[in-house]
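Visitor: Here's a structure for you.
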Amino acid sequence: MGGMGSGRRDQGGKNTTGDYRALDVRRLQRDGLLSAGRSFGWSWTRNGEKVASINVRMEADRVILDYRHQRGDDEWKSENYPVRVEWTACNYGGMRAWFRCPADGCGRRVAILYGGTIFACRHCYRLAYHCQRENLDDRATRRADKIRDRLKWEPGILNGHGIKPKGMHIRTYKRLTIVHDAHVDISLDRIRQRMSMIEGALGGIGDELNLFRKIEL
């Protein structure tokens, strides 16, 4: 995990949220992990391989984060600190969990913390949203993959449909599947358009080379 200022930068000079490990309290709540006394591990993967992990222990009004990180070639450093969890009432019933950013002088109420030296909000790390540098097919692919994650399908839009998650209402499943397929269609169509443009450009270069050869002869 990088520290403040680590990661890639977009064209505007800012790191993006996609360059950092994200810990989303909404996902933890949805998976039923925010019960006091609950302990669990959380990990991040890339191309199917684990690249980072963290241990989380839930207390009455906070989570305790326990992990190790390395900055550049420095020695590995252990971190263990609390992050407050706050609950607010939803408009249509139920409660929603939030993190309070643990960075000194912050305390913002946020859904997602990003892992650098500490887990902090995107404002503290001055992160732009990853979608701000996406093209149309990247955005469609990301949205489709987000739905796949919710449906617990295998990542990757070319992997086809999975099965309906246990406990999900059939109408919700059908709605998410329709939206997923629409995003996949947009992504694949844009990819086909780009490939056609590349083939056209390569064909034009080939024509110019053939003409140049004829002139030389």
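Visitor: Among the residues of the stretch 144-157, count how many are part of a helix (DSSP H, G or I) and either modelled with pLDDT under 90 or polar (S, T, N, Q) (or both). Lay out the reasoning, then the answer.
Guide: Filtering the stretch 144-157 for residues part of a helix (DSSP H, G or I) gives 144-151, 157.
Keeping just the survivors that are either modelled with pLDDT under 90 or polar (S, T, N, Q) (or both) gives 157.
So the answer is 1.
Visitor: In addition: Condition first: among the charged types (D, E, K, R) and either over 17 Å from the mean Cα position of the chain (by Cα) or outside the structural domain of Phe99 (by TED's automatic domain parsing) (or both). Now tell me which residues in the stretch 32-51 satisfy that.
Guide: Within the stretch 32-51, the subset among the charged types (D, E, K, R) is 38, 46, 49-50.
Arg38, the sole residue that qualifies.
Visitor: Which residues, counting only those in the stretch 52-95, are modelled with pLDDT under 90, of a type in the set (A, V, I, L, M) and under 21 Å from the mean Cα position of the chain (by Cα)?
Guide: Ala52
Visitor: What do you reckon, is Glu59 among the acidic types (Asp, Glu), without any contact (Cβ under 8 Å) to a residue 12 or more places away in the chain and out of contact with any strand residue (DSSP E or B) (no Cβ under 7 Å at 6 or more places or on another chain)?
Guide: Values: among the acidic types (Asp, Glu): yes; without any contact (Cβ under 8 Å) to a residue 12 or more places away in the chain: no; out of contact with any strand residue (DSSP E or B) (no Cβ under 7 Å at 6 or more places or on another chain): yes.
The answer is no for Glu59.
Visitor: Regarding the stretch 177-187, can at least one residue be identified that is in a loop (DSSP other than H, G, I, E, B), modelled with pLDDT under 90, surrounded by 14 or more Cβ atoms within 10 Å (Cβ to Cβ) and hydroxyl-bearing (Ser, Thr, Tyr)? Write out each step before concluding.
Guide: Quick first cut of the stretch 177-187, residues in a loop (DSSP other than H, G, I, E, B) only: none.
The answer is no; no qualifying residue exists.
Visitor: Give me a count of the residues in the stretch 73-101 that are closer than 22 Å to Arg30 by Cα and not aliphatic (A, V, I, L, M). Walk me through how you get there before you give the answer.
Guide: Keep residues of the stretch 73-101 that are closer than 22 Å to Arg30 by Cα, which gives 82-101.
Applying the additional criterion that residues be not aliphatic (A, V, I, L, M) yields 82, 84, 86-88, 90-94, 96, 98-101.
Of the residues in that region, 15 qualify.
The values are calculated or read from the model by the stated rules, or taken from the named source; none is laboratory data. Only a predicted model underlies this, so the values are computations on that prediction, with no experimental measurement involved. Neighbour counts run over all protein chains shown; Cβ positions are idealised from the backbone, glycine included.
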